[in-house]
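First comes the structure, then the notes that go with it.
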Amino acid sequence: EAEVAQSPRYKITEKSQAVAFWCDPISGHATLYWYRQILGQGPELLVQFQDESVVDDSQLPKDRFSAERLKGVDSTLKIQPAELGDSAMYLCASSQGLAAYNEQFFGPGTRLTVL
Amino acid sequence: AQSVAQPEDQVNVAEGNPLTVKCTYSVSGNPYLFWYVQYPNRGLQFLLKYITGDNLVKGSYGFEAEFNKSQTSFHLKKPSALVSDSALYFCAVRVSGGGGNKLTFGTGTQLKVEL
């Protein structure tokens, strides 16, 4: 069964350092999403791609966060510099297309701890 | 703005008994509704969705959900709970088009099934 891959699974860093997360969506899925999930809450969308183009990054803190999907396949989310409040689970998801009725398939996530 | 409410932080049920996890939503327009399940330190797993048509939707692992437009609800149900159903359940809503075309999650309901 096809799955969304993410790495690393866990990341511990000190504040002010840079961190990067990688995601490989299900093959053929044109739409890719990055979410942040704080403990005890539901995921919140950070950025959405359609192929290599950003569709929605209105919730992405652009002073420190960046995301790219250069070839329209895998994607990288970067935080620089990391802050204590960035500690959370970062989830990547993909879907067949932009249509709202398409279910999203999630990867296992990256648990980030900022010390 | 669209929103999802899951009024119960935790639901406890005995194995073999029916279970219900509640969800209500608020949107402008026609909703697409989803249920996801999350096991510890894992990503979200899609269970089922409502797009249109029959108000009773059947999904994975024996789960079903009933869409009620007048009550703006989409409760998750299962006739006979299993201990292995114990997990965190998220309801989510999305509408088609416009600036609200993102998946909005509730805060989650922890389901505990006991022997």
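So that you can scan it fast, the table gives a plain yes or no per residue for (1) in a strand (DSSP E or B); (2) more than 14 Å from chain B (Cβ to nearest Cβ); (3) in contact with a Cys (Cβ under 8 Å, 6 or more places away or on another chain):
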position: A:GLU1; (1), (2), (3): no, no, no
position: A:ARG36; (1), (2), (3): yes, no, no
position: A:LEU45; (1), (2), (3): yes, no, no
position: A:ASP63; (1), (2), (3): no, yes, no
position: A:LEU70; (1), (2), (3): no, yes, no
position: A:LYS78; (1), (2), (3): yes, yes, no
position: A:ASN102; (1), (2), (3): no, no, no
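Please determine, by comparing only the residues of the stretch B:1-35 that are hydrophobic (A, V, I, L, M, F, W, C) and open to solvent by 40 Å² or more (accessible area, probe 1.4 Å), which one is nearest to A:PHE106 (Cα to Cα).
Step by step, filter the stretch B:1-35, then rank; the result is B:ALA5.
In the stretch A:4-28, which residues are within 15 Å of the chain's Cα centre (by Cα) and either hydrophobic (A, V, I, L, M, F, W, C) or assigned to a loop (DSSP other than H, G, I, E, B) (or both)?
A:VAL4, A:ALA5, A:PRO8, A:ARG9, A:VAL19, A:ALA20, A:PHE21, A:TRP22, A:CYS23, A:PRO25, A:ILE26
List the number of the failed condition for A:ALA82; all other conditions in (1) open to solvent by 70 Å² or more (accessible area, probe 1.4 Å); (2) part of a loop (DSSP other than H, G, I, E, B) hold.
Here A:ALA82 meets the rest and fails (1).
What tally of residues in the stretch A:1-10 results from selecting those that are hydrophobic (A, V, I, L, M, F, W, C) and open to solvent by 20 Å² or more (accessible area, probe 1.4 Å)?
Within the stretch A:1-10, residues that are hydrophobic (A, V, I, L, M, F, W, C) and open to solvent by 20 Å² or more (accessible area, probe 1.4 Å) number 2.
Failed condition for B:SER84, given (1) more than 10 Å from chain A (Cβ to nearest Cβ); (2) in a loop (DSSP other than H, G, I, E, B); (3) farther than 19 Å from B:GLU8 by Cα; (4) polar (S, T, N, Q), with all others met?
All conditions pass for B:SER84, except number (2).
What residue, of B:LEU48, B:LEU56, B:LEU88, is of a type in the set (A, V, I, L, M, F, W, C) and farther than 28 Å from A:ILE38 by Cα?
None of the others qualify; the one that does is B:LEU56.
For A:LEU39, are the conditions met, namely being exposed (fewer than 13 other Cβ atoms within 10 Å of the Cβ) and either within 14 Å of the chain's Cα centre (by Cα) or within 30 Å of B:LEU111 (Cα to Cα) (or both)?
Yes, satisfied.
How about the stretch A:104-113: which of its residues are within 17 Å of A:ALA30 (Cα to Cα) and in a strand (DSSP E or B)?
Scanning the stretch A:104-113 gives A:PHE105, A:PHE106.
Say we look at the stretch B:10-46 and pick out the residues that are free of Cβ contacts under 8 Å to residues at least 40 places away in the same chain and outside any loop (DSSP other than H, G, I, E, B); which of these is nearest to the other protein chains (Cβ to nearest Cβ)?
Residue satisfying both the conditions and the ranking: B:PHE46.
When only residues in the stretch B:47-98 that are in contact (Cβ under 8 Å) with a residue 12 or more places away in the chain and among the acidic types (Asp, Glu) count, which is most open to solvent (accessible area, probe 1.4 Å)?
B:GLU64
So A:LYS71 passes all but one of these: (1) of a type in the set (D, E, K, R); (2) more than 25 Å from B:TYR39 (Cβ to Cβ); (3) modelled with pLDDT of 95 or more. Which condition number does it fail?
It fails just one condition, (3).
Taking A:ASP51, is it on the phi < 0 side of the Ramachandran plot and either touching a residue at least 40 places away in the same chain (Cβ under 8 Å) or open to solvent by 20 Å² or more (accessible area, probe 1.4 Å) (or both)?
No, not satisfied.
Here is a check on your reading of the model: is A:THR13 more than 9 Å from chain B (Cβ to nearest Cβ) and surrounded by 15 or more Cβ atoms within 10 Å (Cβ to Cβ)?
yes
The values are calculated or read from the model by the stated rules, or taken from the named source; none is laboratory data. Note that the structure is predicted; figures quoted are calculated from it, not measured. In this analysis, Cβ positions are derived from the backbone assuming ideal geometry, glycine residues included, and neighbour counts consider all displayed protein chains. Surface areas here come from the heavy atoms of the whole protein model, side chains and all, with no ligands, DNA or RNA. Shrake-Rupley method; radii C 1.70, N 1.55, O 1.52, S 1.80 Å.
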